[in-house]
1. Based on the Cβ-Cβ distance from residue 202 to residue 26, what FRET efficiency comes out when R0 is 35 Å, to the nearest 0.05?
2. What distance in nm separates the two pseudo spin-label positions at residue 70 and residue 186, each 7 Å out from Cα along the beta-carbon direction?
3. Once label points are set 7 Å from the Cα along Cα→Cβ at both residue 242 and residue 141, what is their separation, rounded to one decimal in nm?
4. If I compute solvent accessible area with a 1.4 Å probe over the protein chains, what percent of it on the chain is carbon and sulfur?
5. For residue 193 and residue 89, compute 0.36 nm times the residue count separating them, minus their Cα-Cα distance, and round to one decimal in nm.
6. With both partners inside the chain, how many of the DSSP beta bridges are antiparallel, as a percent to the nearest 5?
7. Which value, in Å³ per residue, describes the convex hull spanned by the Cα atoms of the chain?
8. Excluding ligands and nucleic acids, what accessible area in Å² is computed for residue 119 using a 1.4 Å probe, to the nearest 10?
Amino acid sequence: MLNVVRRSQIIGWMAIDSSTANSLGELEEVWLDDSGRIAYFSGGETYLPVEKIAGVGMGAVSVYYPSVEDRPENLRCLHEITVESTLGEPLGWVEDFLFDWQTGKISAYIVAGEIADRFGSRSVLYPEDVEEIAIDKVIIREDVKHQLEAESEGLKGFFSEKSQQVQHLVHIIGVGVARRRHRLHHVISPSDKSEVVRVKIKEVSDEVAASTNHPHHALQEATEFLQEQWHSLQQSIARAGDRAKSSLDAAWKQIHQTKS
């Protein structure tokens, strides 16, 4: 859950080339592919493949080179798509959704309409509740309607639902600032055991506490969240390393092709 964001949170954020810091424009939409995963971010006529995303947070999305592609085929927009039962009964629509920006996996659907009436306005569906994502609708299992949760209850524990202050501190500890940028990325290895990762997280957290004036309770919540999500952090660091290497290889290949 460490890399889970809401669609509504990142719409309007700036996309930035991670190597030049040049702006690629504002994000306007996120898109699914045929597999049902988020595959692209877009803004205007620019499409950014998820596998080229370097980082998401602090009001911006950084992208590895090469970043801009023409519109791919067979993309689907999940926002405001109709929700139906397996019998074809219209139940509402997808108001928002949470997804992992590294893997593209959808973590939760926030739905509105008749299906959420008993909760006031919106309720939560999970991937296991969905039978199929068609081109123009999401089809859910028949037994799901009686197992729904209210938005506030169903999304507890997701990183996207933490306060902005806690999210900011998770970013500082997990990514780093100034000269300590990517500190945890350098000190945590794929072979580290859980207790080792947790100790390293606490060490960086203590450094942040000593050098900043962030509220203790928010820093403690951010630290505990990262320690709980230690395995997700470890996997995230490994994926980030693989993406950086892949993007660097692609850049060198492009340079050599240009020269030849």
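The values are calculated or read from the model by the stated rules, or taken from the named source; none is laboratory data. Since the model is a prediction, treat every value here as computed from it, not as a measurement. Cβ sites come from the backbone with ideal geometry, for glycine too, and all protein chains shown count toward neighbours. Accessible surface is based on the protein model in full, side chains and every heavy atom, while ligands, DNA and RNA are left aside. Shrake-Rupley method; radii C 1.70, N 1.55, O 1.52, S 1.80 Å.
1. Values: r = 37 Å, r/R0 = 1.06.
With R0 = 35 Å, the Cβ-Cβ based efficiency is 0.40.
2. 4.3
3. The modelled label-to-label distance comes out at 2.9 nm.
4. Details: 6650 of 13430 Å².
Within the chain, the accessible surface is 50 percent carbon and sulfur.
5. Values: separation 104, 0.36 × 104 = 37.44 nm, distance 4.89 nm.
Stretched fully, the residue 193-residue 89 segment lengthens by 32.5 nm.
6. On the way: 38 of 46 bridges.
Counting only bridges with both partners in the chain, antiparallel ones make up about 85 percent.
7. On the way: hull volume 38.6 nm³, N = 260.
Per residue, the Cα convex hull of the chain comes to 148 Å³.
8. 60
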